[in-house]
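What follows is one structure encoded as structure tokens, with my remarks underneath.
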Amino acid sequence: MISASQLRAARALLGIDQRTLAGMAGVSLPTIQRMEASRDEHVRGVVATLARVAAALDEAGVELIGNDQPGQGRGRGVRLKAPQ
């Protein structure tokens with residue numbers, strides 16, 4: 001679903017800290033800290049919590065790019081969505 005590096009990159013694109021993301025997603029600061037410290041390919045956690053974080057990033061204008069999504073490169077990433 002999402003990797004720790006994607007999570008950090010998404011925050012950087014938005015210019016927000018971990019506490020702000022936690023508030024946006026309605027999760028605790030330690031939850032975001034654990035997610036970003038994850039060493040696995042995918043962040044480990046409760047699926048509902050991961051979905052809340054992904055939804056908060058989506059609502060803030062960040063698109064999470066999966067391994068097999070079309071693009072110029074390969075692998076996971078993040079990008080800002082086009083303004084609506």
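For the reader, a short list of remarks on this structure follows.
- Flag: residue 5 matches the condition of being in contact (Cβ under 8 Å) with a residue 60 or more places away in the chain and within 13 Å of the chain's Cα centre (by Cα).
- Tally of residues being charged (D, E, K, R), over 20 Å from residue 80 (Cα atoms) and surrounded by 13 or more Cβ atoms within 10 Å (Cβ to Cβ) across region 11-36: 1
- When residues of region 1-31 are limited to those that are touching a Leu at 6+ places or on another chain (Cβ under 7 Å) and part of a helix (DSSP H, G or I), the one nearest to residue 66 (Cα to Cα): 6
Okay, residues lined up against (1) of a type in the set (Asp, Glu); (2) modelled with pLDDT under 85; (3) closer than 12 Å to residue 6 by Cβ; (4) assigned to a helix (DSSP H, G or I):
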| site | (1), (2), (3), (4) |
| --- | --- |
| 33 | no, no, no, yes |
| 59 | yes, no, no, yes |
| 74 | no, yes, no, no |
| 78 | no, yes, yes, no |
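- Residues located in region 37-51, provided they are assigned to a helix (DSSP H, G or I) and either surrounded by fewer than 16 Cβ atoms within 10 Å (Cβ to Cβ) or in contact with a strand residue (DSSP E or B) (Cβ under 6 Å, 6 or more places away or on another chain) (or both): 37, 47, 48, 51
- Positions within region 52-64 being crowded, with 16+ Cβ neighbours inside 10 Å and in contact with a strand residue (DSSP E or B) (Cβ under 7 Å, 6 or more places away or on another chain), in sequence order: 54, 57, 62, 64
The values are calculated or read from the model by the stated rules, or taken from the named source; none is laboratory data. Note that this is a predicted model, so its numbers are computed, not measured. No Cβ is skipped: glycine too gets one built from the backbone with ideal geometry, and neighbour counts run over all protein chains shown.
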